[in-house]
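What follows is a set of notes on a single structure, which appears directly below.
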Amino acid sequence: MDALDIPLARFALLYLLLLLPLYLLRRLKLGLNREVLISVVRMSVQLFLVGIYLKHIFAINSILLNLLWIMVIMVVANLNILKKAGLAVNKLFWPSLAGVACGTLSVLAVFLLLVVQPTPLYDARYLIPLAGMLLGNCMNGNILALERFYSGLRKNETTFLSYLLMGANLNEAIHPFMREAIRTSLAPTIATMMTIGIVSLPGMMTGQILGGSFPLVAIKYQIMIMIGIFASLVISMVTSLYFSLPFAFDQMLMLKAEIFAGKKKK
Amino acid sequence: MISFEAVTIGMQGRVLVHDASFAILAGEKVVLRGKSGSGKSTLLKAIVGGIPITQGIIRINGLAVVPENIQQIRQDLAYIAQEPGMSQETAAGDLLLPFSFKAHLGHEPTTAQIEAVLARLLLDPAILRQKSATLSGGEKQRLVIARAILLNKQIFLADEITSALDAESKQAVFAFLLESEHTVLSISHDPEWLRRCDRILTIDNGSLQEDR
C-alpha cells in the first residue's frame, strides 16, 4: 500500500487555506502577516529541498553520508538552541552540542541496534527520520531548559549567592534553578503523553497510516518514538546543563555575564 | 575583620568605588550610607566575592578575597538582603536549609538552640510551621538573621536590615547586634541605627569617606 500522490495543481490549492487566517490576522492588526508568509515560504522551500535531498540520500544509502547528515542537523539544532535561549554561541557551542549528541545518539542507538534492527543498520529510511524527530524535540526542550536555568540564575543572583554563603557547593546552589528549568521543560512532553491518542493522533502515526502501514504497526512506532523523545529529552537537557557549568561560572562560582548573547533574539 | 586596600570597583564602564581604603575591626558595627545607585550594594557584593574588583585587595580576617580563599571566606560571612528570598515550603525548611548541604551535614542545631535564637529575635517558634510564602518581610529578615546565628557566622553584611521591621522587633535586632561579638557592616538610613552604631562610612560619587 502506498499513499495517494497529490497532483501538483491540487497541491497548490492547499495554499488557498491560508487566505482566511491571513485575513483574520490582518483584521486584528497583529502585524504578523509578513512573518507568516516568510515562514510558510521557508517551510515549503526547506521541505521541498529536503525531499529532493532525502530521495537521493535514500537511493545512495551510504553510512558516511547518513552520519554526515545527522552531524549537520545536530549542529543546526544546537545553534538554534543557543540563539533562542539567548546564550552566546562562542561560549557554549561545544558543551551544548555534546549534550544534544548524548541525548540523540544514545536513544538512536537503542532504536536501531536493539529495537528496529533495519538492514543495513544505518538504513537512511529509518535513521534519518528517527534522528530528525528526536532532535526536533530535544531542541525545543533544551531551549526551554537552558533559557530557564540561566535566566533564573541571573534574575535571582542574590538568592544564588546566599546559597553559596550558607555553605552550598556549586551543585547544591544551582539545584533549585535546575529543578525548575527541567520541570518546566518536561511539562509539555509529559502533558502530550497523557493525552496522546485521545485528543489527537500524532503526526508520525498519522503519516505512517496515510503511507499504508497497519495502525498497530504505526502505534508501535509511535510508542517507541514517544519513549525515545522523553528519554533523549531528559538526557540531552541534563547533560547540556551539566556540561555547560564549567563554561558558565567563574572561579568565584559566580555566573559569567559573557555567556549571554548581546541581544536576546526570540 | 574587613579591610579594603586601595579598592576600585567598576561595572559596565562606570567606576562605582574609587581607590577606597578602610578597615572594620572585629566586633565593630559600621553603617554604610549613600544615595541610591551610589554603589553600596555593589560594595557588599564585592566583599562576598559576588562581583570582581578592578584594583586593590579586599581582605576578610586577613585572607584576600580571591578564588583560592573564597570558600573559606564565605564560611564567615552572612548576607542579609533587604527582601530575603525564601525557597522552601515552610519557614523551618528555610531556617534549616543550610544543614542539608554537605558542608553542614550532621551539625543540625538542637530544638533548644533554635528556640533560644528565635526568642532573642522575638520570633514565636510556631512560625516554623508556617508556609514561607506567608511570612512578612520583617519575619523573613529575622529568620535569615537567626539562620546566620545558627551557622555561627562572624560577619554580618546587611542591606537595609531594619527596613521591614516593626518598632519592637527592630529593638530586638538592634539589641542582639549591639550585644553580640559579630562584625556588622550594614547599609542603612535608619536614624536610630546610625546613632547607635560605632562608625559611619559614606559613599559619594565613587569615593568613600568616614563620617564618624
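The values are calculated or read from the model by the stated rules, or taken from the named source; none is laboratory data. Not measured: the values here are computed from a predicted model. FYI the Cβ positions are ideal-geometry reconstructions off the backbone, even for glycines, and counts take in every protein chain you see.
Candidates are the residues of the range B:22-46 that are under 27 Å from B:Glu181 (Cα atoms) and without any contact (Cβ under 8 Å) to a residue 60 or more places away in the chain; the one that is nearest to the chain's Cα centre (by Cα) is B:Lys45. Count of the range A:142-181 residues, restricted to those that are touching a Gly at 6+ places or on another chain (Cβ under 9 Å), farther than 14 Å from A:Ala248 by Cβ and part of a helix (DSSP H, G or I), is 8.
Filtered by the rule that a residue be under 20 Å from B:Leu25 (Cβ atoms) and in contact with a helix residue (DSSP H, G or I) (Cβ under 7 Å, 6 or more places away or on another chain), the range B:137-156 gives B:Lys153, B:Gln154, B:Ile155, B:Phe156. Any idea which residue in the range A:128-157 is nearest to A:Ser62 (Cα to Cα), counting only those that are more than 14 Å from chain B (Cβ to nearest Cβ) and small (Gly, Ala, Ser)? Among residues in the range A:128-157 that are more than 14 Å from chain B (Cβ to nearest Cβ) and small (Gly, Ala, Ser), the one nearest to A:Ser62 (Cα to Cα) is A:Ala131. Restricted to the range B:36-102, the set of helices (runs of 4 or more DSSP H) holding at least 3 residues that are of a type outside the set (Gly, Ala, Ser) and within 9 Å of chain A (Cβ to nearest Cβ) comprises B:70-76. Given B:Arg142, B:Arg120, which one is away from chain A (no Cβ under 14 Å), crowded, with 22+ Cβ neighbours inside 10 Å and at pLDDT below 95? Answer to the check: B:Arg142.
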